[in-house]
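One structure below.
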Amino acid sequence: MKNVKPLDIKSLTLEQKLGMVICSHLQLGEEEIQNSIQMVKEHRLGAVWLQHDEKNASEVIARVLEAADYPLLVFTDSENGLGDCTIPQAISITAAGAKNEYAYSFGLATADALYDMGYNVVCNPVVDLNQNMNAPCGHTTRTFGTDPETAARLSAAMVRGIHDGGLLAVSKHYPGGQTSPYDTHMREGFSTKTAEELYNHDLVPYRHLLKEGLLDGVMSGHGLFPNIDKERPTSLSEKVLSLLRQDGFDGFFITDALIMMGIVLKYGYRMPVPMCIDAGNDLALPWSTPVATAYDAMKEGFEKGIISEEILDAAVARILKAQAKTLELAKTRKKATQKDFDNIRSITTDCISARCAEGVKPSISRDGKHLFVIVTEERRPMNADIDYTPGARGWFVPTQIGEHIAKYFPNSEAMTIPQYPSTNDNAPFLDKQTRYDDVIFVTAAMSRAYVGRDCLSSRLVDLMDALQSTNRISTHIHFGNPFVAADAPYIERVIMGYCSADCVEHAFKILAGEAEPKGVIPYDCIEFHEKGYIFR
């Protein structure tokens, strides 16, 4: 077995230190992999990043680690898990009863699987708190909800599982608290919150993890907090980053991707690399900027005095400390058990909730003649085996949904309607639906970067409004961002699930009366329409 030992900061040259605070992105291709391997051989790179679902991820990681005689940090995101330990994002844990054992099992099983692939750091949990709005980029479903104490408790349970699985955990996206409706991938977001407001609300999960000794690393976001720092966004702001340092945090900060427009439009691609280290981060994540370019920018920043030697040494020391900790966690790691996988499967089913009018059951007649309308991103026929939903793939496929409908409702029919229906969609559909007992809409919304907030299109809502003028829609089945379901007019039966194929299947079992909805809608700030015609 290869002898891997922690590095000693005293033995590192300036050139090596400058590379130790950079995380290269191996998904950029073979040239990036080769450059990263060479820098690893020269002790000139602190970390690498490769998404676990990237093709040949294990093989690429093995190539890089073969060159390393020190515990290089190997990062990935895995908010939904992987393989047999997949859940429909963090909010499903809260919706399934907010059980610590569920969060722990997910953390352990995820870390166990990632460790076997060569990873030693996972960027999870998301400890952001939803700010009572339909936030962009999935900050409704990627979070544990609105309550700081619940987020703190579930985050701690998840990190304990991640540690037991042998990995470091990175909590994100510091400091939370965004009050603007903007996606920082597209433009600068901001928050009017003060340092005191952050400390007493959004930083509660971070403070709890810190107190419990569970805060290994923190990912800094790119939001601007003008009541704390009028000029620089969080990832470039010493004033904002220091709030957690002042509370005793001595783990590492890693930036979110430095290619987001919230950064680039003001600072370009090169200068944020050294600026983020000067602000108090310990790892720069250039993302689509090649590691050679990022290294040159870091060196240039040092030469220009943007980074002092004292700040650089402090950052390197924290990275070396994190690297050493990965070796210690590996010695005591546990394997996930069948009980953990059972818990993970329970999350997927227990998270589904139902909001029904008084006297209305979650189930409908299996013998009835129902028309199911599956809302897709594009205009496609039912028999096209294509996944239309943005985000994670393989869970919202009309042909698969059609199979569930055929199984449980043999006298019914399924069809698709695009999110932006035209005259040629609406006219024949409105005529067709008159020959059925009722209409059931099936919608989904899973956020991703660069698309802003989720919604049902105004065209689709107008169509639903038209039907509800005579109460033709008996049921709305919605998966993903729960705020989107509230865009629809009043419907007496709403079944709410999240983003996974198992979740979709179980929702139809509930509608067929073969299962009960056990979940709760995890946001008390969602305002559904009252009964009655909705004028728009």
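Condition (residue is open to solvent by 40 Å² or more (accessible area, probe 1.4 Å) and on the phi > 0 side of the Ramachandran plot) applied to region 206-218: is it met by at least one residue? Within region 206-218 (the criterion being open to solvent by 40 Å² or more (accessible area, probe 1.4 Å) and on the phi > 0 side of the Ramachandran plot), the answer is yes, since at least one residue qualifies. Against the list (1) touching a Cys at 6+ places or on another chain (Cβ under 9 Å); (2) in contact (Cβ under 8 Å) with a residue 60 or more places away in the chain, the condition Ala445 fails is (2).
Within region 219-242, can you find the residues that are over 25 Å from Asp77 (Cα atoms), part of a loop (DSSP other than H, G, I, E, B) and either open to solvent by less than 40 Å² (accessible area, probe 1.4 Å) or of a type in the set (Lys, Arg) (or both)? Within region 219-242, Phe225, Ile228, Asp229, Lys230, Arg232 qualify.
Just one residue in the set Asp487, Asp462 is part of a loop (DSSP other than H, G, I, E, B), within 30 Å of Met186 (Cβ to Cβ), open to solvent by 30 Å² or more (accessible area, probe 1.4 Å) and of a type in the set (Asp, Glu); that residue is Asp487. Can you name the condition, by its number, that Pro181 falls short on among (1) farther than 23 Å from Pro125 by Cβ; (2) modelled with pLDDT of 95 or more; (3) open to solvent by 10 Å² or more (accessible area, probe 1.4 Å)? With (1) farther than 23 Å from Pro125 by Cβ; (2) modelled with pLDDT of 95 or more; (3) open to solvent by 10 Å² or more (accessible area, probe 1.4 Å) applied to Pro181, the lone miss is (2). Looking across region 418-430, the residues that are at pLDDT 95 or above, within 14 Å of Met464 (Cα to Cα) and not in a loop (DSSP other than H, G, I, E, B) come down to Asp425, Asn426, Ala427, Phe429, Leu430.
Taking the conditions (1) free of Cβ contacts under 8 Å to residues at least 24 places away in the same chain; (2) touching a Lys or Arg at 6+ places or on another chain (Cβ under 9 Å); (3) of a type in the set (S, T, N, Q) in turn, Thr470 satisfies each one other than (2). Pairing residues of region 394-407 that are buried (at least 18 other Cβ atoms within 10 Å of the Cβ) with residues that are in a helix (DSSP H, G or I), at Cβ distances under 6 Å and at least 6 apart in sequence or on separate chains, gives Trp395/Ala501; His404/Glu505; His404/Phe508.
All conditions but one from (1) within 13 Å of the chain's Cα centre (by Cα); (2) modelled with pLDDT under 95 apply to Asn124; the one that does not is (2).
Restricted to region 431-454, and to residues there that are polar (S, T, N, Q) and not in a loop (DSSP other than H, G, I, E, B), the residue that is least open to solvent (accessible area, probe 1.4 Å) is Thr443. Residues of region 48-62 that are without any contact (Cβ under 8 Å) to a residue 60 or more places away in the chain, open to solvent by less than 10 Å² (accessible area, probe 1.4 Å) and assigned to a helix (DSSP H, G or I): Ile61 alone. What do you reckon, is Asn120 more than 23 Å from Leu241 (Cα to Cα) and open to solvent by 30 Å² or more (accessible area, probe 1.4 Å)? Spelling it out, it is not the case that Asn120 is more than 23 Å from Leu241 (Cα to Cα) and open to solvent by 30 Å² or more (accessible area, probe 1.4 Å). Scanning region 488-507 for residues that are out of contact with any Cys (no Cβ under 7 Å at 6 or more places or on another chain) and of a type in the set (Gly, Ala, Ser) returns Ala488, Ser500, Ala501, Ala507.
Taking the residues in region 65-91 that are out of contact with any strand residue (DSSP E or B) (no Cβ under 8 Å at 6 or more places or on another chain) and among the hydroxyl-bearing types (Ser, Thr, Tyr) as candidates, determine which candidate is surrounded by the fewest Cβ atoms within 10 Å (Cβ to Cβ). Please lay out each step first, then the result.
Keep residues of region 65-91 that are out of contact with any strand residue (DSSP E or B) (no Cβ under 8 Å at 6 or more places or on another chain), which gives 66-71, 80-87, 89, 91.
Adding the requirement that they be among the hydroxyl-bearing types (Ser, Thr, Tyr) leaves 70, 86.
Values: Tyr70: 18, Thr86: 24.
Among those residues, the one meeting the criterion is Tyr70.
Restricting Leu168, Leu154 to those that are in contact with a Lys or Arg (Cβ under 7 Å, 6 or more places away or on another chain) and over 25 Å from Cys455 (Cβ atoms) reduces the list to Leu168. Within region 1-47, if we keep just the residues that are surrounded by 13 or more Cβ atoms within 10 Å (Cβ to Cβ) and of a type in the set (Ser, Thr, Tyr), the residue that is nearest to Val273 (Cα to Cα) turns out to be Ser24. In region 404-443, of all residues being touching a helix residue (DSSP H, G or I) at 6+ places or on another chain (Cβ under 9 Å) and hydroxyl-bearing (Ser, Thr, Tyr), the one that is farthest from Pro489 (Cα to Cα) corresponds to Tyr408. Put simply, of Ser457, Ser412, Ser422, Ser474 the only residue that is among the hydroxyl-bearing types (Ser, Thr, Tyr) and open to solvent by less than 10 Å² (accessible area, probe 1.4 Å) is Ser457.
Looking at Leu65, Leu45, can you tell me which residue is on the phi < 0 side of the Ramachandran plot, outside any helix (DSSP H, G or I), touching a helix residue (DSSP H, G or I) at 6+ places or on another chain (Cβ under 9 Å) and of a type in the set (A, V, I, L, M)? If you could, list the steps in order and put the result at the bottom.
On the way: Leu65 fails: outside any helix (DSSP H, G or I).
After applying the criteria, what remains is Leu45.
Counting only residues that are within 24 Å of Gly145 (Cβ to Cβ), touching a Pro at 6+ places or on another chain (Cβ under 8 Å) and β-branched (Val, Ile, Thr), region 452-510 holds 2 of them.
With a requirement of 2 or more residues that are basic (Lys, Arg) and open to solvent by 10 Å² or more (accessible area, probe 1.4 Å), the helices (runs of 4 or more DSSP H) lying completely within region 268-364 that satisfy it span 309-331, 338-350.
Condition check ((1) closer than 15 Å to Ile374 by Cα; (2) touching a His at 6+ places or on another chain (Cβ under 9 Å)) across all residues:
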residue	(1), (2)
Val442	yes, yes
Arg453	no, no
Leu460	yes, no
Phe479	yes, no
Phe483	no, no
Ala486	no, yes
Ser500	no, no
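Take Phe253 and tell me if it is among the hydrophobic types (A, V, I, L, M, F, W, C), touching a strand residue (DSSP E or B) at 6+ places or on another chain (Cβ under 9 Å), crowded, with 19+ Cβ neighbours inside 10 Å and assigned to a loop (DSSP other than H, G, I, E, B). The answer is no for Phe253.
The values are calculated or read from the model by the stated rules, or taken from the named source; none is laboratory data. Since the model is a prediction, treat every value here as computed from it, not as a measurement. Ideal geometry is used to build each Cβ from the backbone, glycine not excepted, and the neighbour counts take in all protein chains shown. Please note that ligands, DNA and RNA were not included when accessible areas were found on the heavy atoms of the full protein model with its side chains. Shrake-Rupley method; radii C 1.70, N 1.55, O 1.52, S 1.80 Å.
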